[in-house]
Amino acid sequence: MKKPGGVVILILLISLGIGATYLAQLSTAGRIEAQQQAIANRSLLEVLPAEQYDNQPLAQPVMTDPLALAHSTLLGGYLATRSGQPSAVLLRSQVLGYEGSIQLLIAIDPQGRLLGVKTLRQAETPGLGAAIAGWPNTWLQTFNGKSRQDPDDNGWALKKDRGQFDQLAGATVTSRAVLQAIHDALRYFDEHKAQLTAVASE
């Protein structure tokens, strides 16, 4: 028969081990969460050249409530600044593709020109529409430098729809949806530029 004292010591050791593990987890949880957030932020902000901003854009929202546009929905917006001046607006957009919703991050400079577009989430057909997911993305880069006026509103369409842009091979619906979401974002920026680029005073 085992001694009761030995059982008590064993229980105490187990309790101490569990307690130490719990305390260690508590002390590192904050650091781990901060690191995960930093990685997520870097991934999101890949759409912006690093020299374009010196603030934390994702900590400076310029819109928080979803807003339905003509073909898409804006889920949020953020302001990037450099030396206290607006350098880019990031609009998070959602549009219906061929297989489901597509989420995009669209970066626009203060003059209304596209700095970049990144796919955040999609469920399009592998080998076809899913080609919008890669980063950097050759097809999405064709929009860089464009604005609502370049081309004009009629030009913001696929060539097969009498517009100026090529589509992803075999992915007309996906291409059209993304193009319309980008055009929506540019139009919204043009119409709300003052609000979106307002820098909060310290």
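The values are calculated or read from the model by the stated rules, or taken from the named source; none is laboratory data. All figures in this text were calculated on a predicted structure; none of them were measured in a lab. With ideal geometry, Cβ positions are generated from the backbone for all residues, glycine too; neighbour counts draw on all protein chains shown.
What the table shows:
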item	result
Selection status of Gly145, small (Gly, Ala, Ser), buried (at least 16 other Cβ atoms within 10 Å of the Cβ) and assigned to a loop (DSSP other than H, G, I, E, B)	no
Positions within the range 81-97 being of a type in the set (Gly, Ala, Ser), in a strand (DSSP E or B) and over 22 Å from Arg121 (Cα atoms), in sequence order	Ser87
Qualifying residue in the range 123-133 (condition: of a type in the set (Val, Ile, Thr), over 23 Å from Ala50 (Cβ atoms) and assigned to a loop (DSSP other than H, G, I, E, B))	yes
Residues (in contact (Cβ under 8 Å) with a residue 12 or more places away in the chain and more than 14 Å from the chain's Cα centre (by Cα)) located in the range 68-93	Leu69, Ala70, His71, Ser72, Thr81, Arg82, Ser83, Gly84, Gln85, Pro86, Ser87
The range 177-202, subset at pLDDT 95 or above and acidic (Asp, Glu), residue surrounded by the fewest Cβ atoms within 10 Å (Cβ to Cβ)	Glu191
